[in-house]
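Engineer: Have a look at this one before I ask anything.
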Amino acid sequence: MAKIRDSWGTRLGIIMAVAGSAIGLGNFLRFPAKAASNGGGAFMIPYFISLFLLGIPLMWIEWTLGRYGGGFEHGTAPGIFHSVWKKNRFIKYFGVIGIFGPLVIFIYYIYIESWTLAYSFFALLGKYAQLNDQAAMKGFLTSFQGLGNNQYFNGLGTAYVFFLVTFILNIAVIYHGIKGGIEKLCKWAMPLLFIFALVLLVRVFTLGSPDAAKPAWNAFGGLGFLWNPDFSALKSAKVWLEAAGQIFFTLSVGIGVILTYASYLAKGDDIVLSGLTASATNEFAEVILGASIIIPAAFAFFGPVDIQSIARSGVFNLGFVTMPLVLNKLPLAALFGFCWFGLLFLAGITSSVSLAQPAVAFLEDEFNINRKRAVAIFGSTAFILCQPVIFFLGRGVLDEMDFWGGTFFLVIFATIEVILFAWVFGMEKAWDEIHKGADMRVPKIYKFIIKYITPLFLFSILGVWLWQEWLPIILMRNIPAENRLFILMTRIGLIALFMILGLLVKIAWDRRKEQAQGAG
């Protein structure tokens, strides 16, 4: 008897889940830092070009391929790719990236997510309330991470406890499935996230100038710093690459998550409007809310000179060093600190559960095992794989995983998707598939964009990256000598993980073939 696949309960549920997958730490930390350090308002020009020529087309491609593959009871890229191109026996192995990428991101993302949960409690307890400069707050963070010895924490114990709690919460949500776990979480987490964000937004823009002698130091001045364009930045290929990379990161395209989520849709479910609504929700969170909290708040307290170095200091320093310092200076600092880190935790957990789903769906669909067992296999494997990130954080393991899982393979996977969709599946057939059950029509210009512009854009990104970055990265030229062994071992581990997933795909297809022959 065939196993009945899980499904979404409502259209709102799938929209909230996909928006939750997309709205993550990058919206509130990565985006303002990238925009402020790459030409301010000028960054938004390549950003919106990338959104309309790259992000939105890939979003519709993934929703369409996912729903199509779900009709063949495939919820992950290997099966979905095979459904599209049955004559090619190798295409399913390219789909391994759609399981590998989310799993690698999950391994390190969940640890960062646990920091936000920890800091939510630290804010309420006033644990960092007495710290009043960047050095002290940075020392607090590094000792919490186990990277430094000082008076705040004794080793990794506290961080590890919060990691365990965060990991268990994620597994509990995933265990309860699509409708009972992920959809239910996102339906209450997303509205609460927006409430926290709006509370912080209102507070930031009612600050005025904290220093009466410097009236220009206010939140509106921070918006000016963020949005005033430095058009000379447009000459830099790096700015265009950063903008395109942010679109990948923010919309969760090129990962494989949307493919899996869309596979639980029925054939007649609208994907045009639902996909656009989920993307618009994410863009509101990023461009309106994400850009209007941390940089304007930091500008008001630190001014136009220090804000430059703050914007370039990295997303961890922005979120865990600069923002707590700002909030410490306000009345009700504990409450606003809890709102800030609570917002980040909700953004994190709605993303991390989505990253786990492709691997779980692969075990369910291709090996025909129940969800309880699939989650147990995933949970035990992921828990073991998380340990190097935790214990070798200072050795660059997290950054290495982020590059391969969260950057390089996103572009590779997206390129494969668009070629498969527009050129193998065929643009006419694809166009019909997009509009099944649709309440609105996709503008016809996107036929041309999806077939020609999006793949050209992706090949350009890959070409420039290979020309500028490939050799130094492979040769580890920018990695300190004392970390190179750890990075090498990380790369060997990632290759081994990819090969194991490829082997599992082969085993699954061999089993399917044997079952088909037995039935015949």
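Engineer: Give the Cα extents of segment 340-381 along the principal axes, in whole Å, largest first.
Structural biologist: 41, 16, 14
Engineer: Using only C-alpha positions, report the orientation-averaged shadow area of the convex hull of the chain, nm², one decimal.
Structural biologist: Result: a mean projected hull area of 23.9 nm².
Engineer: In nm², what is the average projected area of the convex hull enclosing the Cα atoms of segment 1-63?
Structural biologist: Its Cα hull, projected and averaged over all orientations, spans 6.2 nm².
Engineer: Another question, then. Pop out the ³J(HN,Hα) list for segment 491-508 in order, Karplus 6.51 cos²θ - 1.76 cosθ + 1.60 with θ = phi - 60°, rounded to Hz; leave Gly and Pro as x.
Structural biologist: Ordered by residue, 3J(HN,Hα) equals 5, 4, x, 5, 4, 4, 4, 4, 5, 5, 5, x, 5, 5, 4, 4, 4, 4 Hz.
Engineer: Something else about it: Give me the base-10 log of I(q)/I(0) for segment 109-161 at each q in 0.13, 0.18 Å⁻¹, Debye formula, one uniform scatterer per Cα, rounded to two decimals.
Structural biologist: -0.28, -0.56
Engineer: Over segment 430-520, what number does the Rg to Rh ratio reach, with both radii from the alpha-carbon atoms and Rh per Kirkwood?
Structural biologist: Taking Rg over the Kirkwood Rh, I get 1.19.
Engineer: Using only Cα atoms and rounding to the nearest 10 degrees, what angle (0 to 90) does helix 11-22 make with the longest principal axis of the chain?
Structural biologist: That helix lies at roughly 60 degrees to the long axis.
Engineer: Segment 138-174 to segment 199-235: how many Å between their Cα centroids?
Structural biologist: Between the Cα centre of segment 138-174 and that of segment 199-235, the gap is 33 Å.
Engineer: List the pairs from 87/506; 34/451; 92/238; 267/429 whose alpha-carbon separation is above 23 Å, in the order I gave them.
Structural biologist: Beyond 23 Å: 34/451; 92/238.
Engineer: Could you sort the peptides 473-481, 101-109, 49-57 by per-residue average Cβ neighbour count (10 Å cutoff), highest mean leading?
Structural biologist: 101-109, 49-57, 473-481
Engineer: While we're on this one: Taking a temperature of 37 °C and a viscosity of 0.692 mPa s, what whole-number D in µm²/s does Stokes-Einstein yield for segment 266-364 with Rh from Kirkwood over alpha carbon pairs?
Structural biologist: For these conditions, the coefficient is 203 µm²/s.
Engineer: Right, another one. Probe of 1.4 angstrom, ligands and nucleic acids ignored: what's the accessible area per residue over the chain, in square angstrom?
Structural biologist: With the other protein chains kept in place, the chain gives 40 Å² per residue.
Engineer: How large are Rg and Dmax for segment 160-214 when only the alpha carbon atoms are used, in Å?
Structural biologist: Both quantities, over Cα of segment 160-214: 18.2, 56 Å.
Engineer: Let me ask something else. If each of residue 332 and residue 121 carries a label point 7 Å out from its Cα toward its Cβ, how far apart are those two points in nm?
Structural biologist: Each label point is offset 7 Å from its Cα along the Cβ direction, giving 2.5 nm.
Engineer: How far is helix 184-204 tilted, in degrees, relative to the longest principal axis of the Cα atoms in the chain, given as a value from 0 to 90 rounded to the nearest 10?
Structural biologist: Approximately 30 degrees, to the nearest ten.
Engineer: Would you mind telling me the share, in percent, of accessible area of the chain contributed by carbon and sulfur at probe 1.4 angstrom?
Structural biologist: Carbon plus sulfur share of accessible area: 67 percent.
Engineer: Sort 427-439, 298-310 for me by packing, meaning the mean count of neighbouring Cβ atoms within 10 Å per residue, highest on top.
Structural biologist: 298-310, 427-439
Engineer: Here's something else I'd like to know. Using θ = phi - 60° and the Karplus curve 6.51 cos²θ - 1.76 cosθ + 1.60, what whole-Hz ³J(HN,Hα) does each residue of segment 435-443 get, with Gly and Pro shown as x?
Structural biologist: Along segment 435-443, the couplings run 8, 5, x, 6, 8, 9, 9, 6, x Hz.
Engineer: As I understand it, the value is the acute angle between the Cα axis of helix 97-125 and the longest principal axis of the Cα atoms of the chain; what does it come to in degrees, rounded to 10?
Structural biologist: So the helix axis and the longest Cα principal axis differ by about 30 degrees.
Engineer: For the pair residue 214 and residue 172, what calculated FRET efficiency results from E = 1/(1 + (r/R0)^6), where r is the Cβ-Cβ distance and R0 = 45 Å, to the nearest 0.05?
Structural biologist: The computed FRET efficiency comes out at 0.40.
Engineer: With +1 assigned to the C-beta of every Lys and Arg and -1 to the C-beta of every Asp and Glu, and no other charges, what is the dipole magnitude of the chain about the Cα centre in debye, to the nearest 20?
Structural biologist: Once rounded to the nearest 20, the dipole reads 740 debye.
Engineer: Per the helix-only calculation at 222 nm, which mean residue ellipticity applies to the chain, given -39500 (n - 2.57) for every DSSP H run of n ≥ 4 and division by its residues, nearest 500 deg cm²/dmol?
Structural biologist: The per-residue figure over the chain is -21000 deg cm²/dmol.
Engineer: Show me 503-513, 447-457, 222-232 ranked by packing, highest mean number of other Cβ atoms within 10 Å first.
Structural biologist: 447-457, 222-232, 503-513
Engineer: What distance in nm separates the two pseudo spin-label positions at residue 403 and residue 237, each 7 Å out from Cα along the beta-carbon direction?
Structural biologist: That separation, rounded to one decimal, is 1.7 nm.
Engineer: If you take the beta carbon distance between residue 514 and residue 471 as r and set R0 to 51 Å, what does 1/(1 + (r/R0)^6) give as a FRET efficiency, to the nearest 0.05?
Structural biologist: The formula returns an efficiency of 0.70 here.
Engineer: At q = 0.11, 0.20, 0.25 Å⁻¹, work out log10 I(q)/I(0) for segment 334-419 with the Debye formula, treating every Cα as an identical point scatterer and leaving solvent out; two decimals please.
Structural biologist: -0.48, -1.16, -1.17
Engineer: Another question, if that's okay. Mind giving me the FRET efficiency for residue 198 and residue 87? R0 is 60 Å, r the Cβ-Cβ distance, nearest 0.05 is fine.
Structural biologist: 0.70
Engineer: Would you kindly derive the ³J(HN,Hα) couplings of segment 77-93 from the backbone phi angles with the Karplus curve 6.51 cos²θ - 1.76 cosθ + 1.60 (θ = phi - 60°), listing them in order in whole Hz, with x for Gly and Pro?
Structural biologist: The phi angles translate into 4, x, x, 5, 4, 5, 5, 6, 10, 5, 6, 9, 7, 9, 4, 5, 6 Hz.
Engineer: Compute from the Cα atoms of segment 367-495 the Rg and the Dmax, the latter being the longest Cα-Cα distance, and quote both in angstrom.
Structural biologist: 20.3, 57
Engineer: Along the charge dipole of the chain, pointing to its positive end and built from +1/-1 on Cβ of Lys, Arg, Asp and Glu, which listed residue (206, 457, 7) has its Cα farthest out?
Structural biologist: After comparing all options, I get 7.
Engineer: Continuing with this model, one more query. What are the semi-axes of the equivalent ellipsoid for segment 46-165, taken as the square roots of 5 times the Cα gyration tensor eigenvalues, largest first, in whole Å?
Structural biologist: 44, 18, 12
The values are calculated or read from the model by the stated rules, or taken from the named source; none is laboratory data. All of these numbers come straight from a predicted model, not from anything done at the bench. Please note: Cβ atoms are built from the backbone with ideal geometry, for glycine as well, and neighbour counts cover all protein chains shown. In case anyone asks, the SASA skips ligands and DNA or RNA and just uses the protein heavy atoms, side chains included. Shrake-Rupley method; radii C 1.70, N 1.55, O 1.52, S 1.80 Å.
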